[in-house]
Each structure stands twice: as C-alpha cells, then as structure tokens.
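The values are calculated or read from the model by the stated rules, or taken from the named source; none is laboratory data. Computed from a prediction, not measured in an experiment: that's the story for all the values here. Positions of Cβ are backbone-derived with ideal geometry, glycine not excepted, and every protein chain shown enters the neighbour counts.
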Amino acid sequence: MKKNRLNNDIASRLKSVAQDLSFYCKDKQPDRLHCMRVDLKKIKALCYFGDKVYQEKYSSKRLKPLFDKAGNIRVLQINTLLLCQFPQPPESIIERLKKDEITLRLNFLRNTKRYLSLVKKFKKEVQLPKTLPNKNTIVRFFKEEKKKAAHKLKDTDRLNVHMYRTKIKRMMYVYDALPQKTRKAVGLNVQQINKLQNQLGNWHDTYTAVNFLSKEHFPVNSTEYILKLKEKEKIQFRALFKS
C-alpha cells in the first residue's frame, strides 16, 4: 500500500491559502485571490476523490464562504479589465464596477480572521486515511469519472459543456496529486486533455464575457464589439466538438 501523499498535498495547499489570505490583506494583489481559489478547487477535488474511493464523507463545505467571496471579487476584477480593453471603454460602468469591488474587498478583509479560522478548523477535521487505496480502485475511479464527464456531452448545450469542463478539471487535479507510478497505471493522455482544457478555458472566458457584457453590466448589446465577441464564442463552441 502506498503512503497517502494526498494528505500532505491538502496540508500544503491549506498553508498556501492561509499565506495568500494574509498577504492579500497587506498588498491587495488580485493574483492572491486567483491562487487561493485554485488551491481551494484542488482541495475540493481531493475531498471528492476521498468520498468516492474510501466511501466516507470528506466535505470541503467549510471552505465555501472563502471560495465564494474571493470569487465575487475576482469576477469584478476580470470584467473591469475586459471593459478597459474596449476601443472606447464605458467609463461609467467601469467606475461602478471599481466601486463595487472596493465594497466587496473591504467586507472580505473584515472577515479575514474568520476565513483563517475556517482553514484551521478544516485542517483539524479533514484527514484522509494514511494509505492510498489499491491501484485497481484508483483506476476504476478514473474510468467512472471519464464516463460521467462524457455523459455531459450527450446534450451539447452550453451548461453541459461547462459541467464537462468542471469534471475534467477536477479529474486532472486528482491525477496530478497522485504518485507517478499510480498515474502511469491510470494511463490518461495528459497532452490531449491539457489541449482540450485550453480550448474549453478559452471558450468559457469568451462565453462568460458575452454574458457579462450583454446582460447585466453592458446595456448596449448590439455594438459591433459585442457582435464580434458572440461570433467568436460560436466558433469556439463548434470547434470543441471537432476535437
């Protein structure tokens, strides 16, 4: 039986989350929030893996408030940058988004101690078994996850493709955390999957931007820029299924 290195991975990522949270209080760097959320996603993926292979509940729900609040700030930051790239940026909307971001950021910073407490409590409460499951169990887990992901593409609408992307990312987070010999037994075509993930990510960025600009935050949805963005999204979406 292999020693369960996933516990070390979770502990290391929790440490990074706490560090990024502390640093963000000082420098307010947007990348801190991004790195924090990526680590939280990977922790969530490993908890999901634990649920499936050990038949026990390893919930990351305690960390959800931190993940969600950081995400709300990131959405405003990303779309503000997007609007600034317009040939004629909508200054009034940009200004409103910046004000909204400040409000969310101040509230986030006021809750820093609470978020750090959530991280510490999670670390004490969630501990996977000391050994990894056997190779056949892990291989079976990945086979089942690939089937679940592929099932989402039976109906080729945007929501299902987004859910497919989420499942693929989660699967790869688990795969990357496993020992090399175990990954070899699983036998994923990592190069192909990473290429697909890049395509899915590029499509999702465009799709999110179209929704953001066309609905709530951008009142004029018939501008040439928005129309081009919509056409780009359609091309990217069709290209996914040629892959």
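What number of residues in the stretch 19-34 are surrounded by fewer than 17 Cβ atoms within 10 Å (Cβ to Cβ) and either small (Gly, Ala, Ser) or without any contact (Cβ under 8 Å) to a residue 24 or more places away in the chain (or both)?
Here the count works out to 7.
Taking residue 33, is it touching a helix residue (DSSP H, G or I) at 6+ places or on another chain (Cβ under 7 Å) and farther than 23 Å from residue 124 by Cβ?
Working: touching a helix residue (DSSP H, G or I) at 6+ places or on another chain (Cβ under 7 Å): yes; farther than 23 Å from residue 124 by Cβ: yes.
Criteria met by residue 33.
Can you pull out every residue in the stretch 114-135 that is of a type outside the set (D, E, K, R) and modelled with pLDDT of 95 or more?
In the first step, residues of the stretch 114-135 are kept if they are of a type outside the set (D, E, K, R); the result is 115-119, 122, 126-129, 131-134.
Passing the criteria: 115, 116, 117, 118, 119, 122.
If you check residue 58 against the conditions, is it in contact with a Pro (Cβ under 8 Å, 6 or more places away or on another chain) and closer than 18 Å to residue 128 by Cβ?
Values: in contact with a Pro (Cβ under 8 Å, 6 or more places away or on another chain): no; closer than 18 Å to residue 128 by Cβ: yes.
Considered against the rule, which asks whether it is in contact with a Pro (Cβ under 8 Å, 6 or more places away or on another chain) and closer than 18 Å to residue 128 by Cβ, residue 58 comes out as no.
Taking the stretch 1-12, which residues are in a helix (DSSP H, G or I) and either of a type in the set (Lys, Arg) or surrounded by 16 or more Cβ atoms within 10 Å (Cβ to Cβ) (or both)?
Here is the first cut: in the stretch 1-12, the residues in a helix (DSSP H, G or I) are 6-12.
Passing the criteria: 6, 7, 9, 10.
Given the options 69, 52, 15, 42, name the one that is more than 25 Å from residue 112 (Cβ to Cβ), outside any loop (DSSP other than H, G, I, E, B) and not aliphatic (A, V, I, L, M). Show your work before the answer.
Details: 69 fails: more than 25 Å from residue 112 (Cβ to Cβ); 15 fails: more than 25 Å from residue 112 (Cβ to Cβ); 42 fails: more than 25 Å from residue 112 (Cβ to Cβ).
One residue alone meets the criteria, 52.
Looking at the stretch 59-72, can you tell me whether even one residue there is of a type outside the set (D, E, K, R), closer than 30 Å to residue 228 by Cβ and at pLDDT below 90? Before you say what the answer is, go through the steps one by one.
At the first step, the residues of the stretch 59-72 found to be of a type outside the set (D, E, K, R) are 59-60, 63, 65-67, 70-72.
Imposing the further condition that a residue be closer than 30 Å to residue 228 by Cβ reduces the set to 71-72.
With at pLDDT below 90 added as a condition, the list becomes none.
No.
Please enumerate the residues belonging to the stretch 110-134 that are over 16 Å from residue 62 (Cβ atoms) and exposed (fewer than 14 other Cβ atoms within 10 Å of the Cβ).
110, 130, 131, 134
Which of the residues spanning the stretch 65-95 are more than 21 Å from residue 40 (Cβ to Cβ) and β-branched (Val, Ile, Thr)?
80, 93, 94
Filter the stretch 176-234 down to residues that are closer than 22 Å to residue 97 by Cβ, among the hydrophobic types (A, V, I, L, M, F, W, C) and not in a helix (DSSP H, G or I) and give me whichever is modelled with the lowest pLDDT.
The qualifying residue modelled with the lowest pLDDT is 220.
For the stretch 41-94, what are the residues that are more than 17 Å from residue 174 (Cβ to Cβ), among the β-branched types (Val, Ile, Thr) and under 16 Å from the mean Cα position of the chain (by Cα)?
The answer is 73, 75, 78.
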